[in-house]
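Written out below as structure tokens is the structure these notes cover.
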Amino acid sequence: MLVLVTAKTGHSLMWMTFRALKWPLLYPIFPRLCLTAFNFCQPFLLSRAIELAAEPINDETNNYGYGLIGGYVIVYLGIAVNILTSSYLPSILIEKTHSIWIVPC
């Protein structure tokens, strides 16, 4: 994407970089918000598992246990995927920024 600068100010390179990379700058926000939500859910999941361990075993508690297993799978897979994407997307942004700055030279 070629962006022409009409007036040179002290921060024109910074503003043109922000303008050219508007969407790639916003991409890492959603995985970070999801990572925050998954980390926020962990204590609630753990407290419910501790409460379930104190209850007597019957069909209802077995079903709650299976639900907790599913909850743990969702939370920890979500944390793993969001850590991966939240570390990958900023590196892509850095590469795009470097390529924008080098191409005009």
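Taking R0 as 41 Å, what's the FRET efficiency between W15 and Y64 from their Cβ-Cβ distance, rounded to 0.05?
Working: r = 54 Å, r/R0 = 1.33.
Calculated value: 0.15.
Sorted from largest to smallest, which semi-axis lengths in Å does the alpha carbon gyration tensor of segment 28-75 give for its equivalent ellipsoid, taking the root of 5 times each eigenvalue? The partial results should precede the final answer.
Details: eigenvalues 150, 22, 4 Å².
Semi-axis lengths for segment 28-75 are 27, 11, 5 Å.
With θ set to phi - 60° and the Karplus curve 6.51 cos²θ - 1.76 cosθ + 1.60, what are the ³J(HN,Hα) couplings of segment 22-31 in order, to the nearest whole Hz, using x for Gly and Pro?
Each residue of segment 22-31 in turn: 4, 6, x, 5, 8, 4, x, 5, 4, x Hz.
To the nearest whole percent, what portion of all C-alpha pairs in the chain is separated by more than 24 angstrom? Present the calculation step by step, with values, prior to reporting the outcome.
Values: 2774 of 5460 pairs.
Result: 51 percent of Cα pairs exceed 24 Å.
Expressed as a rounded percentage, what relative contact order does segment 29-102 have, with Cα pairs under 8 Å and six or more residues apart? All intermediate terms of the calculation are to be shown ahead of the outcome.
Numbers: 29 pairs, mean separation 36.4, N = 74.
Over segment 29-102, the number comes to 49 percent.
Return the calculated 222 nm mean residue ellipticity for the chain, to the nearest 500 deg cm²/dmol, obtained by summing -39500 (n - 2.57) across DSSP H runs with n ≥ 4 and dividing by the residue count.
Details: 4 runs with 84 residues, N = 105.
Helix-only estimate at 222 nm: -27500 deg cm²/dmol.
In whole Hz and in residue order, list the ³J(HN,Hα) couplings for segment 41-46 that follow from phi through the Karplus curve 6.51 cos²θ - 1.76 cosθ + 1.60, θ = phi - 60°; x for Gly and Pro.
6, 4, x, 5, 5, 5
Values quoted throughout were computed directly from the atomic coordinates according to the rules given, and no laboratory measurement underlies them. Because the structure is a prediction, the values reported are computed rather than measured. All Cβ positions, even for glycine, are placed from backbone atoms using ideal geometry, and neighbour counts span all protein chains on display.
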